[in-house]
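The values are calculated or read from the model by the stated rules, or taken from the named source; none is laboratory data. Note that the structure is predicted; figures quoted are calculated from it, not measured. Please note: Cβ atoms are built from the backbone with ideal geometry, for glycine as well, and neighbour counts cover all protein chains shown. For accessibility, only protein heavy atoms count, side chains too; no ligands or nucleic acids. Shrake-Rupley method; radii C 1.70, N 1.55, O 1.52, S 1.80 Å.
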Amino acid sequence: MIANVLRACERWILDFALPPRCAACGVVVQDVHSFCVDCWGQIDFLGETGCGVCGLPLEATEATTCGICLAKPPRIARTRAAVAYGDLTRGLAIRLKYGRKVAVARTMARYMGPLVANGDNPVLIPVPLHRTRLWMRGFNQSALVARELSRRLKLRTEPLALKRVKRTPALKGMSALQRRKTVSGAFLVRDKAAVAGKTVILIDDVLTMRANAATRGRCES
């Protein structure tokens with residue numbers, strides 16, 4: 001009882017000295033890792049809408065699977081993006097990757113968490129960076145998001161299970177075929193024991209959906 005009171009007082013003092021701020025614009029808000037009313041209205045939260053396989057938004061239809069996934073089912077069982085890629089969400093990704101605002105990873109994890117389907121014996125695996133890019137940036141933003149998701153969801157994460165053996169250019173603007181060719185052979189399973197018999201949940205900060213992009217949590221089995 002006393003411990004709970006002390007924690008509540010500590011939280012009050014901290015909020016008074018350093019009030020939580022909107023993750024996008026910086027104005028004071030009620031809760032940490034959240035958005036103000038104005039910024040919230042600019043974000044397109046995707047949730048569980050869209051194609052049940054690839055997550056592509058479906059409009060004016062009762063179908064649950066898009067035509068492309070029906071014609072050629074992907075190897076990935078399920079893909080989900082938390083929000084659509086727009087000016088505001090793009091700014092968040094840039095601040096995390098290039099502005100070194102690592103606290104943005106917690107904001108991303110907060111909204112990605114509800115979309116993670118645990119499956120059988122799940123493990124969170126961040127998409128790795130090539131060693132040269134990791135050296136220049138100093139951290140892997142996807143690993144930071146995966147760590148926060150692990151903490152929130154009580155799921156195990158294996159940040160070193162995959163290795164990027166080939167440096168690739170940005171995929172934005174490429175067709176699906178061009179992207180497949182670009183990333184072909186770029187990744188290697190470093191630790192097969194870490195993924196054997198498990199539901200692998202790949203975590204990345206941005207997902208390129210054909211011609212579009214979205215901040216994402218990507219699930220694969």
query = Rg(Cα) of segment 72-221 divided by 2.2 N^0.38 Å?
reply = 0.98
task = Normalising by the residue count of the chain, find the relative contact order in percent from Cα pairs under 8 Å and 6+ residues apart.
result = 20 percent
query = Reachable lysines from Lys163, Cα under 23 Å, same-chain residues fewer than 8 places away excluded?
reply = Lys97, Lys172, Lys181, Lys192, Lys198
request  = Report the relative contact order of segment 23-100, percent, no decimals, based on alpha-carbon pairs under 8 angstrom and at least 6 residues apart.
outcome  = 31 percent
key: Point-to-point label distance, Arg90-Thr182, nm (Cα→Cβ direction, 7 Å offset)   = 1.5 nm
task = Quick one: pull the percent of accessible area on the chain belonging to carbon and sulfur, 1.4 Å probe, ligands and nucleic acids left out.
result = 58 percent
ask   = Hey, how many Å between the Cα centroid of segment 113-147 and the Cα centroid of segment 163-203?
value = 12 Å
inquiry  = With +1 on the Cβ of every Lys and Arg and -1 on the Cβ of every Asp and Glu, and nothing else charged, how large is the dipole of the chain about its Cα centre, in debye rounded to the nearest 20?
reply    = 1280 debye
request  = Would you mind putting 70-82, 162-174, 107-119 in packing order, based on average other-beta-carbon counts within 10 Å, highest first?
outcome  = 107-119, 70-82, 162-174
query = Heavy-atom accessible area per residue, the chain, 1.4 Å probe: how many Å²?
reply = 60 Å²
message = Just to confirm the number: angle between the C-alpha axis of helix 2-17 and the first principal axis of the chain, 0 to 90 degrees, nearest 10?
response = 80 degrees
ask   = When only alpha-carbon atoms count, how far does segment 125-208 stretch along each of its three principal axes, as whole angstroms with the largest first?
value = 36, 29, 21
